[in-house]
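Structure record follows, encoded as structure tokens.
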Amino acid sequence: MKQIYIMFYEHQTRKLHKDLCGELDLTLYPHILFEDPYYVLKPDILIGRLDHKKTFGFLRQELEDVYLEGRDLLDAMHDDIVLVKEGVAPRVIYVCKRALSLVVATVKETKKGLFFEPDTYIDRRLEVDGGEDLVFGHVVMLEVESIDQFAVYCKVKKIIGHLNDPDINTLKIVAAYDWPQTFSDDVMASVHDIKIDFEQEKKERLDLTHQLIITIDGKDAKDLDDAISLEVKDDHYILGVHIADVSHYVKEGTALDDEAYRRSTSSYLADRVIPMLPHKLSNDWCSLNPHEIKLTLSCIMTISKEGKVEGYDIQKSFIESKRRMTYDEVNQFLIHNKSLGDEKIEQMLIHMNELSQQLKVIRKKRGEIEFESSELGFIVDDKGRVLDVYERKTDEAEELIESFMLIANETVAFHMFHANLPSIYRIHEQPDNIKLKIALQTVAKLGFPVNLKQLGNPKPLQILTEHTAQTPYQYVVHMILLRAMQKAKYSEALSPHYGLGARFYTHFTSPIRRYPDLMLHRLIHRFVLGESKDYKKDVYHFESMMPDVAQHTSDQERKSIQMERDVSKLKSCEYMQDKIGQVYKATISQMMPSGMFVKLSNGIEGFVPLRVLDDYYMYDEANLTFVGNRGKRYRLGDTIKVELLDVDLAQKKMDFGIIDKKKNKKDYQHETYRSKQKGKA
């Protein structure tokens, strides 16, 4: 039985209906009362996540945090979900769920023998069972078996690699997330068992090989799962979005499908891709490579000149992509009029761009909020070493593909909902009003007018993001607002997508790299294309599994995103580690009690600790400003010059000092700086 306390935490509530959690034996749950029809936490019991500091901690809750003394933390560790009993001295009374299940550690050697040094700080000793065959320098994954106040008890689960391996730091991160990197023999055997009768498929599918169909992707992409076509007829656009028919290859109940579900997404790390599906499928059989016949699901939409979908058809098809295009070359044509050497494709792209811009106008009218976030790109050599770092940009070609994928996703979601079919939707709930109000009050302190009277309405946010666009505060303001937003997720039940302003939305267009898309294709085959052999049984089967599929794939997506961010931080540090002492232009992007985060012009972010500055600074929260005793001020959004002081690969962070404009660099040294790191990975 799923632990009831965790249900209270996940639902962010103090009471659960008995229909939700079933009949409970309250002798097993001494901190819960029954008040028909609800099970409720006792009045003096709190639940939350423990933020464990060295000598104290905080119980992090939705609205109010609670301070805890170190002696009152029981044996709880950082990020554990715990119950706290309120009182004069609040104390942890029960650990509901442990955050620490795996530990990445390096085998070190002393005169007494080998020991295990964890990759991240653990506030108690490691007791490890096994490891007799290990040698100095091995990097291993340890599985946590139990925890008490004095030690973490583990066993060796697997060897990740050796300290001398060139990509060991990336491998450590992937292992820490317990993300699979290879496919088992059973999965590969499942791939070899796939047999497709192409001639029979051609007889049963819509033949689109005569159409001018192209793909547009990044220059390094190999998993091409979407292709597009466009004709202009009778003052209407006929837009075709053709998606690789992955579900025709990946059948339910196979080892291949089980593994795809377990991963749920491909992970795009700075120096590699960890695919959801084996390369034979992702880069070959299913990838819409040029001049090859491929099986697809096509959403063909008739769209008015004003951008309204007036009709659509969802069909299984087969296509032949006539050209594999890149964002760079399409942008060169659309923005700089550089010839592509093919007049038909050029004319089609001009019409495509017209339609893309019109669709963008419609999305804006209905409430789409355009947030500008920062994403780093890395140029690496064949050994994974970073040669350069750049900030990814979105131009007209990227917007064109985004517009067409969005309208296809909306159209399919519209169909699934109105046909009353089992489906999986992509939803984005309204932001929490309290969080949004705090974010807007912060933005107001920067001098921008905000609307606090219509907190649920996206229109004021649209206006705000437009006002701050192309200003030095754009990134800062957009990140403040983004942190106040809910996270998009998958759901078996339809709900609007707040950020897009869309009533109907799903993920249909990337089944090579996202399991929800693959699942949706399976549903389309069964219910839209009429391939179900037992309709009622299939409806019950998919409706009953969909809540778990939505939850698991949402969890895996968040896990993958965090892993990608960690690798991005690592690669940023690797790139900067030989640049200590160099000076950069930066923007203050976030304030903390201990210092400020800064973003360099190339997109890399770091931290300026207050302890390295040349004065004593107090934080003026009303004006988002650090004020020094001698009158110097540093405000959120200010542009400053910083000097790189230290790079810590183990912690994936870098520290900077601020260069005083009045002093020459050669006369300015951060003599007080001392690195806090205990060693580099």
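Dividing the convex hull volume of the alpha carbon atoms of segment 102-165 by its residue count, what do you get in Å³ per residue? Working shown, then result.
On the way: hull volume 5.5 nm³, N = 64.
Here the figure is 86 Å³ per residue.
Note down the net charge around N331, summing +1 for each Lys or Arg and -1 for each Asp or Glu among other residues with Cβ under 11 Å from its Cβ.
Here the charged neighbours net out to -4.
Between N623 and Q551, the distance separating the two model label sites (each 7 Å from Cα on the Cα→Cβ line) works out to 5.0 nm. If you wrap segment 35-162 in the convex hull of its Cα atoms and look at it from every side, the mean projected area works out to 10.1 nm².
Would you mind pulling out the separation of the Cα centroids of segment 330-368 and segment 429-497, in Å? Centre-to-centre (Cα) distance: 29 Å. Only one residue of M618, H162, L340 has its Cα farthest out toward the positive end of the dipole of the chain, where Lys and Arg carry +1 and Asp and Glu -1 on Cβ, and that residue is M618. In whole angstrom, segment 407-505 maps to an equivalent ellipsoid with semi-axes of 31, 13, 11, each derived as √(5λ) from the alpha carbon gyration tensor and ordered largest first. When a/c reaches 1.5 or more, the comparison of a/b and b/c decides; with that in mind, is segment 170-228 rounded, prolate or oblate per its Cα gyration tensor? Since a/c reaches 1.5 but b/c is at least a/b, the shape of segment 170-228 is classed as oblate. For the Cα trace of segment 481-528, dividing Rg by the Kirkwood Rh returns an Rg/Rh value of 1.04.
Values of log10 I(q)/I(0) for segment 4-97 across q = 0.15, 0.17, 0.20 Å⁻¹ run -0.55, -0.70, -0.92, by the Debye formula with one identical scatterer at each alpha carbon and no solvent. Compute log10 of I(q)/I(0) for the chain with the Debye formula, placing one identical point scatterer on every Cα and leaving out solvent, at q = 0.11 Å⁻¹, to two decimals. The Debye formula, applied to the Cα set alone, gives -1.46. Considering only I93, I362, S491, and ranking their Cα positions along the charge dipole of the chain that arises from unit charges at the beta-carbon of Lys, Arg, Asp and Glu, the one farthest toward the positive end is I93. Ranking I147, T120, G137 by how far each Cα lies toward the positive end of the dipole of segment 102-165 (charges on Cβ) leaves G137 at the top.
Of the GluC sites (Glu not before Pro) in segment 366-413, not one is in a loop by DSSP (not H, G, I, E or B) with at most 10 other beta carbons within 10 Å. The charge dipole of segment 14-96, taken about its Cα centre with unit charges on the Cβ atoms of Lys, Arg (+1), Asp and Glu (-1) only, comes to about 240 debye.
For each of H162, H210, H415, H242, count neighbouring Cβ atoms within 10 Å of the residue's Cβ, then give the residues from fewest to most. Could you put the intermediate results ahead of the total?
On the way: H162 15, H210 8, H415 19, H242 28.
Ascending number of Cβ neighbours within 10 Å: H210, H162, H415, H242.
Work out, step by step, the length gained on full extension between T110 and Q562: first 0.36 nm times the residue separation, then minus their alpha carbon distance; give nm to one decimal.
Between T110 and Q562, full extension yields 159.3 nm more.
Considering just Cα atoms, how many Å³ per residue does the convex hull of segment 255-334 enclose?
Values: hull volume 14.3 nm³, N = 80.
Here the figure is 179 Å³ per residue.
I'd like the FRET efficiency for A444 and S594, computed as 1/(1 + (r/R0)^6) with the beta carbon distance as r and R0 of 25 Å, rounded to 0.05.
On the way: r = 25 Å, r/R0 = 0.99.
That pair, A444 with S594, gives E of 0.50.
Taking other C-beta atoms within 10 Å as the exposure proxy, K294, K97 rank K97, K294 from fewest upward.
Distances over 23 Å make up what percent of all Cα-Cα pairs in segment 505-596?
Within segment 505-596, distances greater than 23 Å cover 53 percent of Cα pairs.
Between E466 and D129, how high is the FRET efficiency from 1/(1 + (r/R0)^6) when r is the Cβ-Cβ distance and R₀ = 60 Å? Nearest 0.05. Can you show the working numbers first?
Working: r = 59 Å, r/R0 = 0.99.
With R0 = 60 Å, the Cβ-Cβ based efficiency is 0.50.
In this structure, the residue pairs whose Cα-Cα separation is over 26 Å, taken from K322/K364; K579/K641; K445/K569; K393/K632; K219/K393, are K322/K364; K445/K569; K393/K632.
Listed highest first by mean packing, meaning other Cβ atoms within 10 Å per residue, what order do 649-658, 544-553, 337-346 come in?
Values: 649-658: 20.9, 544-553: 16.5, 337-346: 11.7.
The most tightly packed comes first, giving 649-658, 544-553, 337-346.
Here the spin labels are modelled as points 7 Å beyond Cα on the Cα-Cβ line, and at D432 and K308 they lie 4.0 nm apart.
Considering only beta bridges that DSSP places wholly inside the chain, some 90 percent are antiparallel.
Ordering V232, V103, V380 from the fewest to the most neighbouring beta carbons within 10 Å gives V232, V380, V103.
Multiply the residue gap between K533 and R98 by 0.36 nm, knock off their C-alpha separation, and tell me the result in nm, one decimal place.
Working: separation 435, 0.36 × 435 = 156.60 nm, distance 4.46 nm.
That pair, K533 and R98, stretches by 152.1 nm at full extension.
Let me have the 222 nm mean residue ellipticity of the chain computed from DSSP H runs of 4+ only, each contributing -39500 (n - 2.57), with the sum over all residues rounded to the nearest 500. Walk me through the numbers on the way to the answer.
Working: 14 runs with 187 residues, N = 681.
For the chain, the value works out to -9000 deg cm²/dmol.
Note on segment 195-258: Cα convex hull, mean projected area over all directions, 6.9 nm². Label-to-label distance, K157 versus T13, with points set 7 angstrom from Cα along the beta-carbon direction: 3.3 nm.
Where a number appears in this text, it was derived from the coordinates with a stated rule and is not lab data. Keep in mind that what you see is a predicted model, and the values were worked out from it rather than measured. Every residue, glycine as well, gets a Cβ built from its backbone with ideal geometry; the counts of neighbours run over all protein chains shown.
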